[in-house]
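Take a look at the structure below.
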C-alpha cells in the first residue's frame, strides 16, 4: 500500500471530463470537492501503479451512507486511477441486471475517454486481447460465478498479469464473502474463490470494497483477506436526507400501521385472501396521490413513485399488486360519483392525508386544485411488479408510479422521486445490514421532503432507529480510528449484525449488556512496576470501604491502559483496544458516566477465565448496574520475587445491546 508520499494528479484529462459530467448532475461545488477529496484518498492509499508489488496486500473500504453518492466517488476514483498510471480497473457489481446495467451505463456515460467493457465483452479472447494491449480500460462484471470465472480465464489467456490493476468491489458485503465461513469445510464458496483468483493473479493490485453496510466486513478475522486495512469515510452532500431525518427524535415523517395489517398481506398467513385493502395501505396510497399531485402542479413534466415492500414471497407481491389495481379501479368509480356516501368518505380520507402533509409542507396547493388534477392523472397510474418473476424496470413512465416487490427493491436500487414507502419486512431476528439496505427513502430528496412519508409498524420503526444508532456509532468510531483494525459493532437487541454464514464463529467476541470481562492473569514483571506506581498514586484517594465512586468513562479508560495481562495466558475477550472501543461507544450512545470500586490486599494465585470475575467479597451488589463499572483490585505478591499489581474487572451496564468484534 502506498504511504501517501507520491504526488496524485487530480486534474488529468479523464478526471476533468468526468467532473464536467458530474457537475451537470451535482450543482453544489462543496459536494463536488468532497467527492474528489475522497477519491484522491483512495488512490493515495492504493499501490503505486508504477512501483513494485507491495509486500502486504493493498486493500481498503469506501464506507458511505445509503444512496449518498458512492457511485460518483467510484467514478472519479476510476478516472484519477487511470490518470495516475493504473492500466486496468475492474468493477464488480450486482448480478441483478437492473443494477448491473445501471452501474455500466453510469460508468460509460462518465468515462468517455476510456474503453468500458461489459460482462459479455471478454468472451471473445482475440478481441479482449486487443483491449488488454491498449490500456487503460475498465471492465464491469457482475458477481456471478460463471461471469467471474470467464473474466479470470480471459485475463489468464491474454497474459495480462503485469497490468497495474484497481479492483473495485461494489456492495462488497454482498456475494463476495465466503459463505462457507461458519461451516466446518475448507472449500471457499464459488464467487469468493474466484475473486480471490483475480486478486492473486495481478501482483500489482489494490482491492477496494465499497458499501454502506460494512458490518460483515468488520467482523471478518483481523488476519482475513476481506477485513479492510483502512477506511475512507464518505459524507453525504447538500440535500441528502437519511436516518437523522426519518428516525431521529420526534420525526414527522413516520406513520405507524398495525403489525397485523402487514401480516394480513402475507398470503401464506391467510386461510383465504381478503380482497379489501387494509386501512394503512389505503392511507399510504392516498397520501402519495395528494403529495404527488401537489408536486405535479409545480412540475408537470416530473413523475413520482410509491414503494410497497413487505415480503420476499412472489405470491404476496402478486396478491398486493392485484389489490392495489382493484383499489385504483374503485377510486375511479367513486370519483365518477357512483355513490354520494362513498364519494364523501373518499373526500374525507383525502382531506385527512392533505392535513397530515400540510404539517410538513406549507406550500401544498389548495385541496380542490389537487383533487381536480388527481381525477385527471389517476387513470394513467402505473402499477408494476418488481421481483424475480417480472421483467419490469424501475422506470417512472407515468405521473403516478407504484412499485410492488421484494429484493429487487432493496440493495443498490435508486428510485427517483420516491415520496411514500409502505414497508413491512419483518423477520424475527433481522440482520442490521439487510434492513438498512431497504432504506430506499434515503437519498438526495430534500426538495420532496415535505410530502415524504414512511408507513410501517412500530416494531420496524424501532428496528430502523436502533440501526441508525448503530450506524452513527460505527461511523464515529472510524472517524477516531480510520486505520483501525478492531472496529467493534454496537448491536441493539433483537438485531443481528449480519448473516452468520460469512462469519467464523470461533473468531467472534461479544461484550453483552450486564456481562463481566477481566484478564485471565495479570502481567507480573519488573517492567510493570511503573504502571503499579502510577495506579497507586492515581487511586490513593479512593478508599476500600467506600461502596463505590461516581466517575467517568474517560477515567476508566485511563486505568485500563495501565493494566497489562500475562501474554503466556493469552487473551480473547480481554483485549484493551476492543474494550476501550466498546467504552467509547457507550460514551457516545449513553453518556460519559461510570462507577469505580477499589479493593486492596487481594490474592490471586491462579488464572481465571475472562468472564469469571473476582467478586468473592460481594462487592458486585454494592454497585448499581445502570452504568459501566470498573472494579480495581490491588493484588498481593504470590512469592517474594513477585511484583504487586493491579487487576481490573469491567462490568458493562444493563440494557438491550451487545458489542461484537473479531479477535483472531
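What to note about this one:
- Of all residues in the range 395-413, those satisfying the criterion of being assigned to a loop (DSSP other than H, G, I, E, B) and modelled with pLDDT under 80 are 406, 410, 411, 412, 413.
- Candidate set: the range 53-72, residues that are over 25 Å from residue 222 (Cα atoms) and either at pLDDT 95 or above or surrounded by fewer than 22 Cβ atoms within 10 Å (Cβ to Cβ) (or both); chosen: the one farthest from the chain's Cα centre (by Cα): 71
- Subset of the range 73-95 [more than 11 Å from residue 40 (Cα to Cα) and in contact with a strand residue (DSSP E or B) (Cβ under 8 Å, 6 or more places away or on another chain)]: 82, 86, 87, 88, 89, 90, 91, 92, 93, 94, 95
- Residue count for the range 98-131 satisfying the condition of being free of Cβ contacts under 8 Å to residues at least 12 places away in the same chain and under 27 Å from the mean Cα position of the chain (by Cα): 3.
- Tally of residues being more than 23 Å from residue 300 (Cβ to Cβ), in a loop (DSSP other than H, G, I, E, B) and either modelled with pLDDT of 95 or more or out of contact with any strand residue (DSSP E or B) (no Cβ under 6 Å at 6 or more places or on another chain) (or both) across the range 338-394: 8
- Residue match in the range 475-488 (condition: in a helix (DSSP H, G or I), closer than 27 Å to residue 604 by Cβ and in contact with a helix residue (DSSP H, G or I) (Cβ under 6 Å, 6 or more places away or on another chain)): no
Let's see how each residue does on (1) touching a helix residue (DSSP H, G or I) at 6+ places or on another chain (Cβ under 8 Å); (2) assigned to a loop (DSSP other than H, G, I, E, B); (3) over 27 Å from residue 34 (Cβ atoms); (4) outside the structural domain of residue 96 (by TED's automatic domain parsing):
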residue: 168; (1), (2), (3), (4): yes, no, no, no
residue: 174; (1), (2), (3), (4): no, yes, no, no
residue: 179; (1), (2), (3), (4): yes, yes, yes, no
residue: 183; (1), (2), (3), (4): yes, yes, yes, no
residue: 193; (1), (2), (3), (4): no, no, yes, no
residue: 198; (1), (2), (3), (4): yes, no, yes, no
residue: 203; (1), (2), (3), (4): no, yes, yes, no
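- Meets criteria (part of a strand (DSSP E or B), within 27 Å of residue 436 (Cβ to Cβ), in contact with a strand residue (DSSP E or B) (Cβ under 8 Å, 6 or more places away or on another chain) and in contact (Cβ under 8 Å) with a residue 60 or more places away in the chain) for residue 138: no
- In this structure, residue 43 qualifies as modelled with pLDDT of 95 or more, in contact with a helix residue (DSSP H, G or I) (Cβ under 7 Å, 6 or more places away or on another chain) and on the phi < 0 side of the Ramachandran plot.
- The residues in the range 511-541 that are surrounded by 15 or more Cβ atoms within 10 Å (Cβ to Cβ) and in contact (Cβ under 8 Å) with a residue 60 or more places away in the chain can be counted, and the count is 18.
To keep it simple, each residue is scored yes or no on (1) under 26 Å from residue 256 (Cβ atoms); (2) surrounded by 18 or more Cβ atoms within 10 Å (Cβ to Cβ); (3) touching a residue at least 40 places away in the same chain (Cβ under 8 Å).
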{"site": "341", "(1), (2), (3)": "no, no, no"}
{"site": "372", "(1), (2), (3)": "no, no, no"}
{"site": "378", "(1), (2), (3)": "no, no, yes"}
{"site": "388", "(1), (2), (3)": "no, no, yes"}
{"site": "419", "(1), (2), (3)": "yes, yes, yes"}
{"site": "422", "(1), (2), (3)": "yes, yes, yes"}
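- Looking only at the range 313-337, and only at residues there that are farther than 29 Å from residue 263 by Cβ and outside any helix (DSSP H, G or I), the one that is modelled with the highest pLDDT: 336
- Residues within the range 504-518 that are touching a helix residue (DSSP H, G or I) at 6+ places or on another chain (Cβ under 8 Å) and at pLDDT 85 or above, tallied: 2
- A count restricted to the range 569-603 and to residues that are under 23 Å from residue 637 (Cα atoms) and modelled with pLDDT of 85 or more stands at 9.
Conditions (1) in contact with a helix residue (DSSP H, G or I) (Cβ under 6 Å, 6 or more places away or on another chain); (2) within 21 Å of residue 53 (Cβ to Cβ), marked per residue:
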| site | (1), (2) |
| --- | --- |
| 126 | no, no |
| 132 | no, yes |
| 136 | yes, yes |
| 143 | yes, no |
| 146 | no, no |
| 149 | yes, no |
| 165 | no, yes |
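The values are calculated or read from the model by the stated rules, or taken from the named source; none is laboratory data. It should be emphasised that the depicted structure is a prediction, and the values quoted were computed from it without experimental measurement. Neighbour counts are summed over all protein chains in view; Cβ atoms, including those assigned to glycine, are modelled from backbone coordinates with ideal geometry.
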